[in-house]
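To start, the structure under review is shown below, and the notes come after it.
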Amino acid sequence: MTARKGEFTGRHMLAIMVAFFGVIIAVNVTMAVMAGRSWTGIVVEDTYIASQEFNANAAEGRAQAALGWTSALEVAGGVVTWRLTDRSGAPVWSDGVTAQFRHPAYDSADRAAVLVRGEDGSFSAPVDLPDGQWIIAIAAEVTALDHPYREARRVTIRDGAMQ
């Protein structure tokens with residue numbers, strides 16, 4: 001028996017089912033590959049160690065806040081600039097400042113820079129950050145402190161400048 005024009009046959013049904021499930025499988029494979037190439041999901045390498053350090057880190061943060069120091073962070077024109085001042089507004093001198101630029105979704109774009117002290121007490125370094133969300137983590141070695149002065153900010157970069 002041959003199919004007449006306009007008739008729906010088993011072959012048509014088979015072709016539709018193969019196409020339907022082929023599209024679903026292709027989309028699932030594509031999404032799995034994209035997920036594997038993006039964020040790993042790892043926030044800390046060892047959660048047990050991080051939990052043990054939490055109270056000490058919180059105490060350092062409270063002690064740092066009690067100092068009353070103020071910082072200013074700027075990203076513009078391909079340069080990151082950071083300034084730390086004490087309660088009176090005088091620059092806090094540091095033996096070294098580093099900045100880590102972490103992408104919140106995936107770590108393949110992460111980068112770091114050593115900031116250089118300027119004559120006005122600010123620290124700066126060239127940086128090329130693509131547009132999007134970034135976490136900028138600053139660590140400053142201050143001789144008056146037993147531990148580095150730390151600061152982290154989540155910022156949006158657009159056209160090479162912090163918004």
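Derivation of every value follows stated rules applied to the coordinates shown; laboratory data play no part. Just so you know, these numbers come straight off a predicted model, no measurement behind them. Positions of Cβ are generated from backbone atoms using ideal geometry, with glycine treated the same way; all protein chains shown enter the neighbour counts.
Quick notes
- Radius 11 Å from Cβ of Gly61, net charge of other residues (Lys, Arg +1; Asp, Glu -1): 0
- C-alpha long axis of helix 10-37 to longest principal axis of the chain, angle in °: 10 degrees
- For region 68-162, alpha-carbon Rg and Dmax in angstrom: 13.2, 40
- Taken about its Cα centre, the chain carries a charge dipole of about 1060 debye when Lys and Arg each add +1 at the Cβ and Asp and Glu each add -1 at the Cβ.
- Chymotrypsin sites (Phe, Trp or Tyr not before Pro) within region 80-163: DSSP coil, no more than 13 neighbouring Cβ in 10 Å: Trp93, Tyr106
- Angle in degrees between helix 47-66 and the longest Cα principal axis of the chain, rounded to the nearest 10: 40 degrees
- 19 Å cut-off, amide nitrogen to a point 7 angstrom out along Ala66 Cα→Cβ, residues in region 81-116: 86-88
- Each part gets one Cα centre, and for region 52-113 versus region 4-31 those centres are 56 Å apart.
- Cα convex hull volume per residue for the chain (Å³): 182 Å³
- Relative contact order (percent, whole number), region 43-163, Cα cutoff 8 Å, 6+ residue spacing: 23 percent
- Comparing Ala137, Ala58, Ala99 in a Gaussian network model of the chain, where Cα atoms under 10 Å apart are tied by springs, the biggest mean-square fluctuation is seen for Ala58.
- Neighbourhood net charge (9 Å Cβ-Cβ; Lys/Arg +1, Asp/Glu -1) for Ile136: +2
- Relative to the current alpha-carbon distance between Ser88 and Ala50, full extension at 0.36 nm per residue lengthens the span by 10.2 nm.
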